[in-house]
Amino acid sequence: MQLIDTHCHLDFPVFDQDREALLARCRALGVTEYIIPAIAEDNWTRVMALADQHDGLFYGLGVHPWYAGEQLEGVMERLRTLVMSQPAGLVAIGECGLDLRSHVPQEGQFALFEAQIRLAADAGLPLMIHSVRANDTVAKLLRRCKPPRGGVIHAFSGSLQQAEAFWQLGFRLGVGGVISFERANKTREVFRAMPLEALVLETDSPDMPLQDEQGTRNTPEALPKIAQILMKLRRESPENVAKVLFETARQLFHPDTQQ
Ligand SMILES: [Zn+2]
């Protein structure tokens, strides 16, 4: 089984002590590729350096909605210039989106997100989207701009109707630790009912630990467990589920390398 963690923050300092050992353990578990989204300008050089140092590491460049309230003078121009220079290993725009649960002023969040949707369209890259209490609004913005490469609604949580709206817009749903929570019934049912091709796996490490691992640092070692829960839920052949998930993520982030 070969798995891709489509959303993990391996650049965070919490991994500085043991990143090499962790990557080796993950490889032994079948996790062979990672997409690391940047959350703010501070991370851009970190994710780029990390991808340069390790095989199988790729990254997104963007600004997370939590940082929309900060000093962002000129940030979109700098992001656009960097993205258009096509640095090696860049496969997405993000992490960007809307978080309507946070206290960050919505006006700033909207402006920053819309600018990144446009950038993704112009650069021909998929989006890595953070959508919290904002699924309908995010879908509305995407419908307006229709970024041609789609992307992932990371750590999707929501209704089947919202999931179908994203899928129709060319977006995949990120299946993460939430699938281990029995109380997340609605979202689990969505992951069971949607076409398998609409799903990709992620851990969102170091956040979103599985139900029985709350309070600890999450790592991509959780990815095989997330895959297994999904396989059980869907009652499909594990081999086929793993194969389709792998191919979907490859096609999304590496369309040019498909045979
Ligand atoms: Zn994230």
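The values are calculated or read from the model by the stated rules, or taken from the named source; none is laboratory data. Bear in mind that the values here come from a model prediction, so they are computed numbers and not experimental data. Virtual Cβ from ideal backbone geometry, glycine too; neighbours counted across all protein chains shown.
Given the residues VAL200, VAL190, VAL178, which is the only one that is within 16 Å of the ligand (Cβ to nearest atom), more than 20 Å from PHE15 (Cα to Cα) and either at pLDDT below 95 or assigned to a helix (DSSP H, G or I) (or both)?
After ruling out the rest, the residue left standing is VAL178.
Can you work out which of the residues in the range 27-67 that are among the small types (Gly, Ala, Ser), under 16 Å from the mean Cα position of the chain (by Cα) and under 18 Å from VAL200 (Cβ atoms) is farthest from the ligand (Cβ to nearest atom)?
Ranking the qualifying residues of the range 27-67, first place goes to GLY56.
Could you check the range 60-113 and list, in sequence order, the residues that are exposed (fewer than 15 other Cβ atoms within 10 Å of the Cβ) and part of a helix (DSSP H, G or I)?
Scanning the range 60-113 gives GLU77, ARG78, THR81, MET84, GLU107, ALA111.
So, in the range 155-175, exactly how many residues are assigned to a loop (DSSP other than H, G, I, E, B) and among the aliphatic types (A, V, I, L, M)?
Number of matching residues: 2.
Residues that are modelled with pLDDT of 95 or more, part of a strand (DSSP E or B) and of a type in the set (A, V, I, L, M): does the range 34-42 have at least one?
Yes, some residue in the range 34-42 is modelled with pLDDT of 95 or more, part of a strand (DSSP E or B) and of a type in the set (A, V, I, L, M).
Could you check the range 114-141 and list, in sequence order, the residues that are under 18 Å from GLN162 (Cβ atoms) and outside any helix (DSSP H, G or I)?
LEU127, MET128, ILE129, HIS130, SER131, VAL132, ARG133, ALA134
Residue check, ARG188 against (1) touching a strand residue (DSSP E or B) at 6+ places or on another chain (Cβ under 7 Å); (2) under 25 Å from PRO238 (Cβ atoms), all met but one. Which one?
(1)
Residue check: is SER102 polar (S, T, N, Q), within 15 Å of the ligand (Cβ to nearest atom) and more than 26 Å from PHE58 (Cα to Cα)?
In short, yes.
For the range 5-47, how many residues are surrounded by 20 or more Cβ atoms within 10 Å (Cβ to Cβ) and within 19 Å of HIS130 (Cβ to Cβ)?
Final tally of qualifying residues: 16.
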